[in-house]
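Any read-out appearing in this document is the output of simple, stated calculations on the displayed coordinates, not a laboratory observation. Since this is a predicted model, take the numbers as computed values, not measurements. Ideal geometry is used to build each Cβ from the backbone, glycine not excepted, and the neighbour counts take in all protein chains shown.
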Amino acid sequence: MKEMFSQDKEPPLEQELSSTELILETATTAGKLFKDSEIVLSDFNIINPETAKFRLNHFPKASDLQWNNWKWQIQNSYTSFDELSEILDISNIADDVDFISTSNKLPLRITPYYASLFDGKPTNYPLIKSVVPSKLEFVTSEGEEEDPLHEEDMCPSESLVHRYPDRVLMLSTGFCSVYCRYCTRSRMATKDQKSYGLKVWKKSIEYIRNNPTIRDIVISGGDPLTMSDKQIDYLLSELRSIPHLEIIRLGTKVPVVLPQRITNNLVNIIKKYHPVFMSVHITHPDEFTPEVKEAFNRIANAGIVMGSQTVLLKGINDDVSIMKSLMHKALLNRVKPYYIYQCDPIPGSSHFRTPVSKGLEIIQGLRGHTSGYAIPHFVIDAPGGGGKIPLLPEYYQGREGNYVIMKNFEGKTYKYYDPV
Ligand code: SF4
């Protein structure tokens, strides 16, 4: 099988990359995204037994080398209900399976690896619900908007959001390896997907270069780790050459839906540009397979500091014990629990949204009941562009004269002497 693959060689660091090498792929929902010659030997080599069984049943011709290659995973992803019907009883999900392909909704895309985690599970299995389209996406409720955070009002260039004085968000690509049905930026990944070319990137980089107050960037998308090594290397090197830009952060779900992408090549590229942080989108404890653990291990060993981001989702992770297990697994894999988000009000997302009290209940169920390191912030990204607002259960109860009145994790009241 080996002769089918060429070695995945990185360009030397000092090598000038031509613009043509950096033209970003325009994502499509079907069709080939990579040439066969680009699907090369990978240094990722873990396949858990359950996933191996799934591969044998559904991709019997795929070799270990192919399965472990991230581009093969993207190339062979499930992108239609027809394909999904081979592994799921979709009659339980939709009567009219064409509805999603004829709509302008978020496309369907699931890697074979992530789909292997659905094997033998009912259709209400949390991981299935988070990425398989549902007709409920056509029910628009009060308060829902295409761009609930009003990011497009804060864009000095097409791919840059400048909301906070010292930080920017760069939307590097419109493509993701798996489309989460509750995605805040689903507007960017509809069938008329935007592609972000080098010109757009350059404008954003120039804007940051000319604004010395910007000291922190989040590179998101889409998912930046779906870009090629060359593109990531180019972008990080351009950003790192800006003297006042101190912190670079990558926002990604790739380590849990496409762990094969976390090659040694990739982490070696990223670690050249430290300090680089990674905000990893995790949803459910079942995502922590041996493959994902290996991906996190590689990232952490490269000195990349990871924080978790989790969207609170009805019927998926809206339960104290599930969240506790998720946060514990994150911590065990050197991912610091960072944020639990209230699900943003994008059109057709009400079936995912929990009452705000649920997030507070979860924080209450964690604080005092597990290590402080395992406790994330519960935040609402304020509609209209107000930024992230943290919400806490009522630990602070007010004042009585020279005392502050507080409630602890058991609900017991305490006084703290604090003269005014
Ligand atoms: S990975 Fe992130 S950007 Fe992509 S669909 Fe999921 S939430 Fe949206």
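Once the Cα atoms of helix 198-209 and of the chain are each reduced to a long axis, what angle between those two axes, in degrees from 0 to 90 to the nearest 10, is obtained? The angle comes out near 40 degrees. Footprinting exposure proxy ranking of THR252, THR310, THR213, THR370, fewest other C-beta atoms within 10 angstrom first, gives THR213, THR370, THR310, THR252. Computed over the range 103-156, the convex hull of the alpha-carbon atoms projects to a mean area of 5.9 nm². Using the Cβ-Cβ distance between VAL420 and HIS369 with R0 = 35 Å, the FRET efficiency computed as 1/(1 + (r/R0)^6) comes to roughly 0.60. Packing here is the average count of other Cβ atoms within 10 Å per residue, and on that basis the peptides 43-49, 281-287, 144-150, highest first, run 281-287, 144-150, 43-49. Here the relative contact order of the chain, from alpha carbon pairs under 8 Å that lie six or more residues apart, stands at 15 percent. Between helix 356-366 and the chain there is an angle of about 90 degrees, using the helix long axis and the longest principal axis of the Cα atoms.
Between GLY221, GLY251, GLY365, the residue with the greatest mean-square fluctuation in the GNM of the chain (Cα pairs under 10 Å linked by springs) is GLY365. Measuring nothing but alpha carbons in the chain and taking Rh as the Kirkwood radius, the Rg to Rh ratio lands at 0.97.
Mean sequence separation of contacting Cα pairs (under 8 Å, at least six apart), scaled by the length of the range 297-420, corresponds to a relative contact order of 20 percent.
For the pair MET154 and ASP216, label points projected 7 Å from Cα toward Cβ lie 1.2 nm apart. Kindly flag which residue pairs out of LYS203/LYS271; LYS230/LYS253; LYS129/LYS407 have an alpha-carbon separation exceeding 27 Å in this structure. Going by Cα-Cα distance, LYS129/LYS407 fall outside the 27 Å limit. Residues CYS183, CYS343, ranked from the fewest to the most other C-beta atoms within 10 Å, line up as CYS183, CYS343.
Distance from the C-alpha centroid of the range 246-304 to that of the range 40-73: 19 Å, rounded to the whole angstrom. Computed from the C-beta positions of ASP36 and GLU206, the FRET efficiency with R₀ = 35 Å rounds to 0.40.
In the chain, helices alone account for a calculated mean residue ellipticity at 222 nm of -7000 deg cm²/dmol, with every DSSP H run of four or more residues adding -39,500 (n - 2.57). Placing R0 at 25 angstrom, the Cβ-Cβ distance between VAL356 and LEU332 gives a FRET efficiency of 0.30 after rounding to 0.05. Sorted fewest first by neighbouring Cβ atoms within 10 angstrom, GLU142, GLU246, GLU137, GLU361 come out as GLU142, GLU246, GLU361, GLU137.
Give the shape of the range 147-297 as rounded, prolate or oblate, defined through the alpha-carbon gyration tensor: a ≥ b ≥ c are the square roots of its eigenvalues, a/c under 1.5 means rounded, and otherwise the shape is prolate if a/b is larger than b/c and oblate if not. It comes out oblate by the Cα gyration axes.
Whole angstrom only: what separates the Cα centroid of the range 133-192 from the Cα centroid of the range 332-369? Computed from Cα coordinates, the inter-centre distance equals 19 Å.
For the chain, the longest principal axis of the Cα atoms and the long axis of helix 290-301 meet at an angle of about 80 degrees.
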